[in-house]
1. Determine the dipole magnitude for the chain: charges of +1 sit on the beta-carbon of Lys and Arg, -1 on that of Asp and Glu, nothing else is charged, the reference point is the Cα centre, and the result goes in debye to the nearest 20.
2. How much accessible area does Glu8 have with a 1.4 Å probe, in Å² rounded to the nearest 10?
3. On average, how much accessible surface per residue is there in the chain, in Å², for a 1.4 Å probe, leaving out ligands, DNA and RNA?
4. Extending each Cα 7 Å along its Cβ direction at Ala126 and Trp44, get the distance between those two points in nm, one decimal.
5. Taking the Cα atoms only, what angle lies between the long axis of helix 171-181 and the longest principal axis of the chain, rounded to 10 degrees?
6. Treat region 35-107 as a sphere of radius equal to its Kirkwood radius over Cα pairs and apply Stokes-Einstein at 4 °C in a medium of 1.567 mPa s; give the translational diffusion coefficient in µm²/s, rounded to a whole number.
7. Mind giving me the nanometre distance, one decimal, between the label points for Arg194 and Thr76, set 7 Å out from Cα along Cα→Cβ?
8. How large is the charge dipole for region 1-128, taken about the Cα centre, if only the Cβ atoms of Lys, Arg (+1) and Asp, Glu (-1) carry charge, to the nearest 20 debye?
Amino acid sequence: MPELPEVETTRRGIEPLVVGRVVEALRVYDRRLRWPVPASLPRWAAGRRIDALDRRGKYLLFRLSDDTLLVHLGMTGSLRAYSDPPPPRAHDHVDIVLDSGVLLRYHDPRRFGAMLWLPPPAEGHALLADLGPEPFDAAFDADYLWRALRRRSAAIKLVLMDNHVVVGVGNIYASESLFRAGIRPTTPANRVSRARLGRLVDVVRATLAEAIAKGGSTLRDYVDGHGDPGHFQLDHFVYGRQGLPCRVCGAAVRQIRQGGRATCLCPTCQR
Ligand SMILES: [Zn+2]
């Protein structure tokens, strides 16, 4: 599943190709995504200039003056740029043709992604209105997190993955960040001290930044199909390493279930 670093890498890869360009045509091959692609989308988008490409959480936001084209990659979605596009294949849902001749193609086998048109103000749309701060925002700091968590007795890992608290911290990055902060994932959120939350803020940022930096090496090949940011293999400490020795202390990494998802942790390093 694309997480925040993959989405940010997609944004950085596409941004120089789309900003300032005019949408010559938008072609929909299959409207069946998580929500149906609006039938009027080709008409709405045609002839519009893309002023900016932003990201909010895992949503890509193409700004076309006052309106916004929202794209979410879901579980298996990708957005690739072509200067010489091959014919559409199965699971290619939407093509966006730019006046430069570049074509952006949205591909999504499992169809959990989304492509929606948001009239202004886009940030008031139900998908965006209640999102917490971005992990790299100054607003996401120890005081903020302490206030957001002080009445939450659910496990810290589940609360960290709650988009209302902070956006874009999915399963991998929550597991890795809690290891690096030395916090046991099952600890009630309101039992973690403010000092340890400060450390958690730092390691969430560092872990995401490391993954985005790894994705940067794929950017130069973004056009013509080599630009799939895929999944960045961080040198994980715990994620996917159940049964293997902890890289820090040598104890066996354990796997538990939390909220239906796997959590990996070191029973010695995380207290
Ligand atoms: Zn350990």
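The values are calculated or read from the model by the stated rules, or taken from the named source; none is laboratory data. Values in this document were obtained by computation on a predicted structure and should not be read as measured data. Cβ sites come from the backbone with ideal geometry, for glycine too, and all protein chains shown count toward neighbours. What goes into the accessible areas is simple: the full protein's heavy atoms, side chains included, and nothing from ligands, DNA or RNA. Shrake-Rupley method; radii C 1.70, N 1.55, O 1.52, S 1.80 Å.
1. Numbers: 39 positive and 29 negative charges, 282 e Å.
That gives the chain a dipole magnitude of about 1360 debye.
2. Number for this one is 10 Å².
3. Values: 12070 Å² over 271 residues.
Computed with neighbouring chains in place, this is 45 Å² per residue.
4. That separation, rounded to one decimal, is 1.5 nm.
5. For 171-181 against the chain, the angle is about 40 degrees.
6. Values: Rh = 13.3 Å.
Answer, rounded: 98 µm²/s.
7. Simple spin-label model gives 4.8 nm for this pair.
8. Working: 19 positive and 16 negative charges, 65 e Å.
Here region 1-128 has a charge dipole of around 320 debye.
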